[in-house]
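The values are calculated or read from the model by the stated rules, or taken from the named source; none is laboratory data. What you are looking at is a predicted structure, and each value in this text was computed from that prediction instead of being measured. All Cβ positions, even for glycine, are placed from backbone atoms using ideal geometry, and neighbour counts span all protein chains on display. Calculation scope for accessible area: heavy atoms of the full protein, side chains included, ligands and nucleic acids excluded. Shrake-Rupley method; radii C 1.70, N 1.55, O 1.52, S 1.80 Å.
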Amino acid sequence: MPSLPVPTAEQQRILDRIAQQRERLRARRAARAQSLAAAQNAAAAGGADDSFALRAAGFAREHPLAVAAMAGVAVVAGPRKIVRWAGVLLPLLLRLRR
């Protein structure tokens, strides 16, 4: 079996950096897999049972542009139109949830 040549000091530094990078990538993959598993467990455990306020806050955190657009439309439309449209859309949304 042929023996491998001994790396120079510069080559060894590069090999060490490659090994460190591989270890960081392994740790990142493991952390991501763990966080995905925790998120799936949390969603399965109580995601649907959360209060409307918690779900709304989660939606706002995940979709800030959509929330800003809805707020802009609400400001332009005015409170009377918002109440009128809520009276039309809310029963439809509640029916869809069932």
From the residues A74, Q20, A86, which one has its Cα farthest along the dipole of the chain in the positive direction, the dipole being from +1 and -1 charges on Cβ of Lys/Arg and Asp/Glu about the Cα centre?
A86
Quick one: helix 79-97 against the long Cα principal axis of the chain, what's the angle to the nearest 10°, folded into 0 to 90?
70 degrees
Charges at C-beta only: +1 for Lys and Arg, -1 for Asp and Glu. How large is the resulting dipole of the chain about its Cα centre, in Debye rounded to 20?
400 debye
Computed from these coordinates, which is Kirkwood radius over Cα pairs in Å: (i) 14.4; (ii) 19.3; (iii) 19.9?
(ii)
Given the -39500 (n - 2.57) contribution per DSSP H run of 4+ residues, what per-residue ellipticity at 222 nm results for the chain, rounded to the nearest 500 deg cm²/dmol?
-29000 deg cm²/dmol
Along the charge dipole of the chain, pointing to its positive end and built from +1/-1 on Cβ of Lys, Arg, Asp and Glu, which listed residue (A57, A9, S35) has its Cα farthest out?
A57
Roll a 1.4 Å probe over the protein chains and send me the accessible area per residue for the chain in Å².
94 Å²
Shape call, the stretch 51-97: gyration tensor on alpha carbons, a/c limit 1.5:
oblate
Between L93 and A39, what's the calculated FRET efficiency when r is the beta-carbon distance and R0 is 30 Å? Round to 0.05.
0.75
